[in-house]
Amino acid sequence: MKAGIIGAGYVGLVTAACFASRGLDIMVHDTSKEKIATLNAGGLPIFEPGLEKLLTGHTISFTNCVKELVETCRYIFLCVGTPQGADGEADLSYLQSAVEAICHYTEADKYIIIKSTVPPGTARRMEELSRSLNKNCKLTFISNPEFLRQGSAVHDFLYPDRIIVGSDKPLSGEEVLSLYEKWDCPKLLMSRESAELAKYAANSFLAMKISYSNMIASLADRAGASIDDIQAAIGSDSRIGKDFLKAGAGFGGSCFPKDLNAMLHIGRKHGTELPLIENTLALNENQPAAVVSKIKAALKELTDKRIAILGLSFKPMTDDVRCSPAVSVAEHLLNEGAKVILYDPLVRHNPVHRAAKGASLKESLKQSDAAVIMTDWPEFRQLLQPDMLNTLKRKIIIDGRNMFRIEEIEMLSKEVSMYYASIGR
Ligand code: UGA
């Protein structure tokens, strides 16, 4: 049984590798010649832990030819990007091009399974589009949103909390679900609109938990309370849950900011205000400024101060800097006259041109007036070693990710006189 994947991004490649590891025969298509050449040469166009091992261990074919994929596969997963377009709306142009290409090459009875995050009604509209382009088209459109986190996408795919399949015909939904027969988790069949909206609702809820924690952290700062204790206290209520309550510099990445903006657009389109989503985004947009004010409180004056930003990616285990709060903080500091040096264990390019890039943690700390942790990479735990901390000109740490425990800092303070500030504690 052959399944095709359109789009060799992190969702497409993880889907391909995980299905292949469960015995499905997989073909991957991407329009980028460069990406397909890299994959055919055994390379990987993205960094995702565990992916390389899974891809090389199984036979997957990679092609630039849609025709070849469409002719050989009964199940075609659409894993193309749906970036933020004008007015926050999800840009469906890649999805639409893929659908146009597919129905150009087949009149056979096949399943088009949308994994990309798309507004409710998209699968239905794409099915209508396919019929309008080719009246003999028999494609069945299914919604099957993914819940993969960058950095743990392979694990998330293999061991999901649930699998959602949206279909307007139960039998079609069942057939697509059968591709997941080796997965042991709740499997939910629903309408396509529900499946599509469930993805946005899940991401918005998770983002809302983060903004909620950041809001409480700001209050805790003023009220002399600790967000760690509050997180433990509220998180142990099973109705709230402990995950996604970590306060810090705010959420970034290619999903939450984009999906929340798209959600607002969906609300406007349907004539409904979504104030919780609006405030979740507004609070998050303010979080980098909250980190900057902590830096200012420590340094008083920013002009000509040399500040090391530790971590550029929006979270550890990825080199993705899209909507990363680290970039906003660096820009804020530069605008206020500081000299900024950036260090990240994985990000190779420099996303903030006016800043310098440090080659190592130690080199970035040297001569710096403060170190600001913006991504909780394990490597930064080295700052807890007096030797590493002493590399700083002034021993000031602003921990924008609450990566150190307060007890660890208290222990260190006994050896080295230092200034430490974090979020909400
Ligand atoms: C997110 C969702 O978690 C996935 O379920 C979803 O499939 C994916 O978006 C998507 O739509 O494709 P991702 O963006 O990869 O995954 O990253 P997360 O691990 O969710 O982290 C997002 C941001 O929230 C990061 O900047 C992280 O630092 C921040 N975060 C996370 C916090 O500030 N506090 C927390 O407690 C958790």
Residues being touching a helix residue (DSSP H, G or I) at 6+ places or on another chain (Cβ under 7 Å), surrounded by fewer than 19 Cβ atoms within 10 Å (Cβ to Cβ) and under 19 Å from P345 (Cβ atoms) - total across segment 363-388: 4
Pairs with Cβ under 7 Å, 6+ apart, first in segment 78-93 and part of a helix (DSSP H, G or I), second at pLDDT 95 or above: D87/H265; G88/N261; G88/A262; G88/L264; G88/H265
E127 being of a type in the set (D, E) and within 20 Å of G12 (Cβ to Cβ): no
Where a residue in segment 229-248 is free of Cβ contacts under 8 Å to residues at least 12 places away in the same chain and of a type outside the set (D, E, K, R) and its partner, wherever it lies, is within 13 Å of the ligand (Cβ to nearest atom) and not in a helix (DSSP H, G or I), with Cβ under 6 Å and at least six apart: I234/I240; G235/K242; G235/L245
Pair list, Cβ < 6 Å and 6+ apart or interchain, from segment 141-158 residues that are open to solvent by 30 Å² or more (accessible area, probe 1.4 Å) and within 12 Å of the ligand (Cβ to nearest atom) to residues that are of a type outside the set (V, I, T) and not in a loop (DSSP other than H, G, I, E, B): R149/D156
Residues (within 27 Å of the chain's Cα centre (by Cα), of a type in the set (G, A, S) and under 22 Å from T391 (Cβ atoms)) located in segment 298-315: A308, G311
Failed condition for G4, given (1) free of Cβ contacts under 8 Å to residues at least 24 places away in the same chain; (2) within 26 Å of E196 (Cα to Cα): (1)
Residue tally, condition surrounded by fewer than 14 Cβ atoms within 10 Å (Cβ to Cβ) and not in a loop (DSSP other than H, G, I, E, B), over segment 32-46: 4
Close pairs from segment 110-122: first away from the ligand (no atom under 12 Å from the Cβ), partner of a type outside the set (A, V, I, L, M) and part of a strand (DSSP E or B), Cβ under 6 Å, at least 6 apart: Y111/Y75; Y111/T140; I112/F141; I113/F77; I114/S143
Close pairs from segment 195-220: first under 14 Å from P145 (Cβ atoms), partner hydroxyl-bearing (S, T, Y), Cβ under 8 Å, at least 6 apart: A195/S143; E196/T122; E196/S143; K199/T117; Y200/T117; N203/T117; S204/T280
Residues being charged (D, E, K, R) and either in contact with a helix residue (DSSP H, G or I) (Cβ under 9 Å, 6 or more places away or on another chain) or within 30 Å of D184 (Cα to Cα) (or both) - total across segment 13-40: 3
Residue check, V291 touching a helix residue (DSSP H, G or I) at 6+ places or on another chain (Cβ under 9 Å) and within 28 Å of M208 (Cβ to Cβ): yes
Residues of segment 260-292 classified as under 18 Å from A247 (Cβ atoms) and not hydrophobic (A, V, I, L, M, F, W, C), total: 7
E278 being more than 15 Å from the chain's Cα centre (by Cα) and either more than 18 Å from R322 (Cα to Cα) or more than 16 Å from the ligand (Cβ to nearest atom) (or both): yes
Single match in L342, L310, L302, L333 (criterion: modelled with pLDDT of 95 or more and within 16 Å of the ligand (Cβ to nearest atom)): L310
Of all residues making up segment 47-77, the number that are open to solvent by less than 50 Å² (accessible area, probe 1.4 Å) and not in a helix (DSSP H, G or I): 11
When residues of segment 404-425 are limited to those that are out of contact with any Leu (no Cβ under 9 Å at 6 or more places or on another chain) and assigned to a loop (DSSP other than H, G, I, E, B), the one least open to solvent (accessible area, probe 1.4 Å): I423
Residue that is surrounded by the most Cβ atoms within 10 Å (Cβ to Cβ), among those in segment 1-31 that are away from the ligand (no atom under 16 Å from the Cβ) and of a type in the set (S, T, N, Q): S21
Enumeration of residues in segment 208-229 that are in a helix (DSSP H, G or I), among the hydrophobic types (A, V, I, L, M, F, W, C) and away from the ligand (no atom under 16 Å from the Cβ): L219, A223
Restricting segment 235-249 to residues that are more than 6 Å from the ligand (Cβ to nearest atom) and within 20 Å of the chain's Cα centre (by Cα), the residue that is most open to solvent (accessible area, probe 1.4 Å): K242
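The values are calculated or read from the model by the stated rules, or taken from the named source; none is laboratory data. Bear in mind the structure is a predicted one, so any value in this text is a computation, not a measurement. When we count neighbours, we look across all protein chains shown, and the Cβ atoms used for this are built from the backbone with ideal geometry, even at glycine. Side chains are part of the model used for accessible areas, which takes the heavy atoms of the whole protein and leaves out ligands, DNA and RNA. Shrake-Rupley method; radii C 1.70, N 1.55, O 1.52, S 1.80 Å.
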